[in-house]
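To start, the structure under review is shown below, and the notes come after it.
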Amino acid sequence: MSNDDDFSRWILGLPKAELHLHIEGSLEPDMMFALAQRNQVKLPYDSVEAVRAAYQFEDLQSFLDLYYAGADVLRTEQDFFDLCWAYLVRAKADGVVHAEIFFDPQTHTGRGIRFETVLDGLAAALKKGETELGISSRIIMCFLRHLSEDEAFKTLSQARPHASRIAGVGLDSSEKGNPPSNFARVFDACAALGWHLVAHAGEEGPPEYVLEALDVLKVERIDHGVRSESDPALMQRLARSRMPLTVCPLSNVKLRVFPDLASHNLKRMLDLGLNVTINSDDPAYFGGYVGENYLQVVHALNLGRDDVLRLARNSLESSFVSREVKAGWVKELQQHR
Ligand code: HPA
Ligand code: ZN
């Protein structure tokens with residue numbers, strides 16, 4: 001048993017929260033095939049290997065095209081349950097004690113699937129995850145930013161009867177040309193429901209979009225945010241305010257935000273005091289769940305034990321749970337020192 005193996009096992013065993021996970025992005029090719037068969041959906045691939053081979057992306061949009069096409073196999077409440085349960089079992093092996101999962105209702109309602117079919121399936125799996133795996137969770141509903149404000153409002157009215165089962169709202173899909181400010185009014189309406197607010201910003205888009213997410217949408221976390229680095233004043237502000245950034249390193253490399261992990265700015269941001277967390281984004285498409293993101297980043301950026309503890313602690317403290325629950329997790333984390 002080498003020191004490397006011990007270090008890896010220690011990292012995977014640390015209690016951690018995953019705060020940036022699109023549940024549709026945890027659809028593994030095997031399950032895609034199984035669900036296609038179950039629902040008699042024709043896939044444009046001949047084999048699971050052909051699906052994997054297709055996962056070569058030039059940018060965010062080239063990924064989104066495949067991701068939305070893949071989601072077409074998800075039809076029934078059982079499908080959403082199976083999808084979410086498989087994620088939770090996988091997350092458990094990586095030390096995840098708490099998951100805040102995104103879902104994209106419009107990807108499904110746009111093809112005639114009822115909002116309730118999606119939400120009920122996910123919620124049932126999360127409930128089972130709490131009782132059988134000890135993973136607590138929250139659901140965050142995302143608006144697709146390539147669609148209109150009007151369509152976001154329509155989705156909000158479908159969500160309203162279920163407001164108490166939804167912890168927050170996010171903003172995802174094609175970032176460039178779709179600034180956060182387009183969704184100011186619908187985010188205000190979500191805030192009035194008592195929901196938490198987050199948004200993808202500064203993944204491919206400029207630092208100005210991060211500023212809009214903060215100042216116009218009034219978000220509590222920035223999803224990605226890595227492109228803030230070209231604005232030193234913004235970086236200082238993020239550090240001072242301890243604004244959580246849900247960073248997704250393997251995603252950033254797969255979508256060519258950085259040429260490789262060694263060039264990733266995660267360590268630089270951490271050293272500047274930013275509240276950085278590690279997450280998997282769309283693990284079935286990007287080559288690894290949250291544990292693999294930790295391991296590869298630690299290796300590529302030479303992170304030490306204190307860096308890893310800081311990242312795990314940031315994830316727990318940036319979650320949308322009570323102060324008391326966070327304190328309990330942090331105490332447990334400290335026993336791993
Ligand atoms: N960015 C924007 N939208 C998304 C992503 C992402 O990384 N993953 C799933 N939807
Ligand atoms: Zn994302």
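What residue, among those in region 169-226 that are of a type in the set (D, E, K, R) and part of a strand (DSSP E or B), is nearest to ligand 1 (Cβ to nearest atom)?
Step by step, filter region 169-226, then rank; the result is Asp172.
Pairs needed: first member in region 199-213, within 12 Å of Val257 (Cα to Cα); second member anywhere, of a type outside the set (Phe, Trp, Tyr) and surrounded by fewer than 19 Cβ atoms within 10 Å (Cβ to Cβ); C-beta distance under 7 Å; at least 6 residues apart or different chains.
Glu204/Asp59; Glu204/Lys176; Gly205/Lys176
Mind checking which residues of region 151-179 are closer than 21 Å to Asp65 by Cα, within 16 Å of ligand 2 (Cβ to nearest atom) and not polar (S, T, N, Q)?
Matches in region 151-179: Gly170, Leu171, Asp172, Glu175, Lys176.
Could you grab me the full set of residues in region 15-37 that are surrounded by 24 or more Cβ atoms within 10 Å (Cβ to Cβ) and more than 16 Å from ligand 2 (Cβ to nearest atom)?
Of everything in region 15-37, just one residue is surrounded by 24 or more Cβ atoms within 10 Å (Cβ to Cβ) and more than 16 Å from ligand 2 (Cβ to nearest atom), namely Lys16.
Report, ordered by the first and then the second residue, all pairs with beta carbons closer than 6 Å, sequence separation of six or more or different chains, a first member in region 288-303 that is touching a residue at least 60 places away in the same chain (Cβ under 8 Å), and a second member that is buried (at least 18 other Cβ atoms within 10 Å of the Cβ) and among the basic types (Lys, Arg).
Every condition considered, the pairs that remain are Tyr289/Arg90.
Just a yes or no: is a residue in region 272-287 assigned to a helix (DSSP H, G or I), free of Cβ contacts under 8 Å to residues at least 60 places away in the same chain, more than 21 Å from Ala199 (Cα to Cα) and away from ligand 1 (no atom under 16 Å from the Cβ)?
No, because not a single residue in region 272-287 is assigned to a helix (DSSP H, G or I), free of Cβ contacts under 8 Å to residues at least 60 places away in the same chain, more than 21 Å from Ala199 (Cα to Cα) and away from ligand 1 (no atom under 16 Å from the Cβ).
Which residue out of Lys331, Lys326 is touching an Asp or Glu at 6+ places or on another chain (Cβ under 6 Å), modelled with pLDDT of 95 or more, more than 30 Å from Pro29 (Cβ to Cβ) and in a helix (DSSP H, G or I)? Can you show your working first?
Working: Lys331 fails: touching an Asp or Glu at 6+ places or on another chain (Cβ under 6 Å).
Answer to the check: Lys326.
Just checking, how many residues over region 1-30 are charged (D, E, K, R) and either without any contact (Cβ under 8 Å) to a residue 40 or more places away in the chain or at positive phi (or both)?
5
Only one residue in Leu266, Leu316, Leu272 is surrounded by fewer than 18 Cβ atoms within 10 Å (Cβ to Cβ) and within 22 Å of Arg242 (Cα to Cα). Which one? Walk me through how you get there before you give the answer.
Working: Leu266 fails: surrounded by fewer than 18 Cβ atoms within 10 Å (Cβ to Cβ); Leu316 fails: surrounded by fewer than 18 Cβ atoms within 10 Å (Cβ to Cβ).
The conditions single out Leu272.
Is it true that some residue in region 267-281 is closer than 26 Å to Ser26 by Cα and touching a Gly at 6+ places or on another chain (Cβ under 8 Å)?
Yes, some residue in region 267-281 is closer than 26 Å to Ser26 by Cα and touching a Gly at 6+ places or on another chain (Cβ under 8 Å).
Identify, from the list Ala233, Ala213, the residue that is surrounded by fewer than 17 Cβ atoms within 10 Å (Cβ to Cβ) and among the aliphatic types (A, V, I, L, M). First the steps, then the outcome.
On the way: Ala213 fails: surrounded by fewer than 17 Cβ atoms within 10 Å (Cβ to Cβ).
Step by step, each of Ala233, Ala213 is checked, and only Ala233 is surrounded by fewer than 17 Cβ atoms within 10 Å (Cβ to Cβ) and among the aliphatic types (A, V, I, L, M).
Out of Asn252, Asn293, which single residue is within 16 Å of ligand 2 (Cβ to nearest atom), part of a helix (DSSP H, G or I) and in contact with a Leu (Cβ under 6 Å, 6 or more places away or on another chain)? Let's see the steps before the verdict.
Numbers: Asn252 fails: in contact with a Leu (Cβ under 6 Å, 6 or more places away or on another chain).
It is Asn293.
Test of understanding: among Ala99, Ala93, Ala125, which residue is among the aliphatic types (A, V, I, L, M), more than 12 Å from Leu27 (Cβ to Cβ) and in contact with a strand residue (DSSP E or B) (Cβ under 6 Å, 6 or more places away or on another chain)?
Numbers: Ala93 fails: in contact with a strand residue (DSSP E or B) (Cβ under 6 Å, 6 or more places away or on another chain); Ala125 fails: in contact with a strand residue (DSSP E or B) (Cβ under 6 Å, 6 or more places away or on another chain).
Residue meeting the stated conditions: Ala99.
The values are calculated or read from the model by the stated rules, or taken from the named source; none is laboratory data. Because the structure is predicted, anything quoted here is derived from the model rather than measured. Note: ideal-geometry Cβ built from the backbone for every residue, glycine included; neighbour counts use all protein chains shown.
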